[in-house]
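This report concerns only the one structure given below.
Just so it is clear, none of the values below were taken in a lab; they were calculated from the coordinates. Keep in mind that what you see is a predicted model, and the values were worked out from it rather than measured. Note that we place each Cβ from the backbone using ideal geometry, even for glycine, and neighbour counts take in every protein chain shown.
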Amino acid sequence: YRNGEHSNVTVSTPSGDVTFGQKHPVVIISGPCSVENEEMIVETAKAVKAAGASFLRGGAYKPRTSPYSFQGHGESALELLAAARDASGLGIITEVMDTADVDKVSEVADIVQVGARNMQNFPLLKKIGAQDKPVFLKRGMSATIDDWLMAAEYILAAGNSNVILCERGIRTFDRKYVRNTIDLAVIPVLRSLTHLPIAIDPSHGTGVASYVLPMAKAAIAAGTDSLMIEVHPNPAKALSDGPQSLTFDAFNHLMGELSVVGNAV
Ligand code: PEP
Ligand code: MN
């Protein structure tokens, strides 16, 4: 990664190219934690597209703390993401957890996500670096900024120069009121250390739906290039991360508020 300059990552989507790295407009990625069924993913895609999002997120392969929690629908969920892409015109971002699934995921995804728990899965980083879809690299929950940048370096060194860095909250001593501590100081710090575009995920960063909007505003004020926001048609019934997911109404409200702060797409 290069110091002292800023560069863009441009991603093609069915609705045209979207550029990360320009601060304004801020690129909005939203959608459910997990792809649960066709109806909910298509409905969510249409709703977030209408509100101004550029990318649909949704997990097919889910890294869950408990092996008894919903693990994602896997390959069949990739097909549902492809259907949602066709129905909405949004680009697709989804996580890959296993080197064996990289080719399959990168066929459907416009951006391939590496989750916090796999930030230092070096075989996975090398495999993802060797394919040509842009990569969304989440910060490990206990990773230093240098650890994170070196993880990005694995992808760059393998030949893929399109990496977006996403802060999603780190582990600190106080988790009583928030799921993670969202580290917004990474925005100016990364600006001084790397050319790579920055995204902030206030959904995983706080774990609480009502804290997402204030942290999203703060991230825009601090100069983020992108935001990842979890949205679900019925958060109370979500199979994962319901408490931090916004309803469609709350997401529409957020988009209106963000356009006042910082000209979201
Ligand atoms: C996600 O974005 O679906 C996710 C699992 O997030 P993280 O890897 O940041 O926990
Ligand atoms: Mn989630």
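Tabulated data for the structure shown
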| quantity | calculated |
| --- | --- |
| Karplus (6.51, -1.76, 1.60) ³J(HN,Hα), θ = phi - 60°, over the range 111-117, in Hz, Gly and Pro reported as x | 9, 9, 9, 9, x, 3, 6 |
| Built amide H within the under 5 Å cut-off of Ile164, gap 5+ | Val135, Phe136, Leu137 |
| The range 205-228-the range 83-129 distance, computed between alpha-carbon centres (Å) | 23 |
| The chain, helix-only ellipticity at 222 nm - DSSP H runs n ≥ 4, -39,500 (n - 2.57), divided by all residues, nearest 500 | -11000 deg cm²/dmol |
| Förster-model FRET efficiency, 45 Å R0, Val189 and Thr247, C-beta, rounded to 0.05 | 0.85 |
| Helical segments meeting 15 Å axial Cα length and Kyte-Doolittle 0.5 threshold in the chain (DSSP H) | 145-157, 209-222, 248-262 |
| Amide H contacts under 5 Å for Val26, placed H, 5+ residues apart | Ala264, Val265 |
| Spin-label pair Ala82/Asp132, simplified geometry with 7 Å Cα→Cβ offset, distance in nm | 1.9 |
| Members of Lys176/Lys237; Lys126/Lys237; Lys46/Lys126; Lys46/Lys133 lying beyond 29 Å, as alpha-carbon distances in this model show | Lys126/Lys237; Lys46/Lys126 |
| For Ile229, residues with placed amide H under 5 Å, excluding near neighbours | Ile29, Ser30, Gly31 |
| Simple Cβ-charge dipole of the range 98-246, Lys/Arg +1 and Asp/Glu -1, about Cα centre, in debye nearest 20 | 420 |
